Amino acid sequence: MTVLEEARRLRPSLRADLAVLGVAVVWGASYPAAKGALAYAPVLLLVLYRFLITAAVMSALTRRELARASRGDLLAGAALGGLLFLIFLAETWGVASTTATNAALIISLCTIFTPFLEFGLKRRAPPSGVIFGAVLAILGVGALTGGATAFGSGDLLILGAAVLRAVMGVSTKRLMSGRALSSAALTAVQALTVCVLTLAVALGARGPEGLFVRAGLEFWSAVAFLSLFCTIGAFYVQNAAIRRTSPTRVSFLMGTEPLFGFVFAWLLLSEPASWRTLLGAGLILGGSFIGLAAERKASS
């Protein structure tokens, strides 16, 4: 294979990698944005309004495709939407109970869970580099939180969301393989599912009068940012990337998310950057990049 042919082969993969890296930047900013918005509204309402906007925009953009989509495609998208609902409940409640820095760093463990799940379903052991990266990342979480005894309820919820994110990545690859539904339409179906499920829970917990938020521009600006950039743009890119490459590769690229989450939390929320935080961040990110290199070598 010539150099030119190799470059042409790698170009789509490089574009997908850069797009996922952009998602990591945006999602890193989502933690301080969500933390600020939660000062004005409870978790259920923040998730509801975030996905209400997402569902409205994506349904309008893909209405013709959704109208002619097969029942099987819609059911697969709704199943993935149900997983997304659980992820956002755990993640948003976790952010409400821990720091934005901890949330951004702990959620990166999905980078480690994904290859174990993907390789496990293939009945193969992950490469040794992935295992080594997992050990480093777990040590990083321990340094970040101060050990298992200091692991709070918010941290535990974020950890659960990380596991669900790994399940989501592998499930998206498997459920949507060979299906006609585009990534944009899939994002619309997922958002509609999350919106309906959140509305049902919110109505049961708070009643119709509890669905209204009295907040100013700061809250609605955060909701708009979370909807337009962190949900519509980010999930569309992630859905498209997973269908073009492996869930393991996407998850390792998303391993850069905690770095951006840490930076934005420090800049926007003035959260402290202690030596323990820096050590935990370094170990988690180091483990992520070692795993990415191992995955690339194994798939080449």
When we measure straight from the Cα of LYS297, which lysines land under 24 angstrom away, once same-chain ones fewer than 8 places off are left out?
LYS122, LYS173
LEU86 paired with LEU211, simple spin-label distance in nm, labels 7 Å along Cα-to-beta-carbon
2.6 nm
Between SER128 and PHE116, what length in nm is gained on full extension when 0.36 nm per residue of separation is reduced by their alpha carbon distance?
3.2 nm
Please report, in cubic angstrom per residue, the volume enclosed by the convex hull of the alpha-carbon atoms of the range 46-186.
118 Å³
Based on the mean of other Cβ atoms within 10 Å per residue, sort peptides 31-41, 208-218 so the most packed one is first.
31-41, 208-218
With each label point set 7 Å from Cα along the Cα-Cβ vector, what nm distance links GLU218 and ARG174?
4.4 nm
Give a residue-ordered list of calculated ³J(HN,Hα) values for the range 74-84 (Karplus: 6.51 cos²θ - 1.76 cosθ + 1.60, θ = phi - 60°; whole Hz; x for Gly, Pro).
5, 5, 5, x, 5, 4, 5, x, x, 5, 5
So, with points 7 Å from each Cα along the Cβ direction, the SER153-SER274 label distance in nm works out to 2.2 nm
How do the peptides 160-170, 186-196, 66-76, 219-229 rank, highest first, by the average count of neighbouring beta carbon atoms within 10 Å per residue?
186-196, 160-170, 219-229, 66-76
Apply the a/c threshold of 1.5 to the C-alpha gyration tensor of the range 194-233 and tell me whether it is rounded, prolate or oblate.
oblate
FRET efficiency for LEU75 and LEU203, Cβ-Cβ distance as r, R0 = 30 Å, nearest 0.05?
0.80
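Just so you know, all these numbers are worked out from the coordinates, no wet-lab data involved. Note that the coordinates shown come from a computational prediction; the quantities given were computed from them, not determined experimentally. Neighbour counts run over all protein chains shown; Cβ positions are idealised from the backbone, glycine included.
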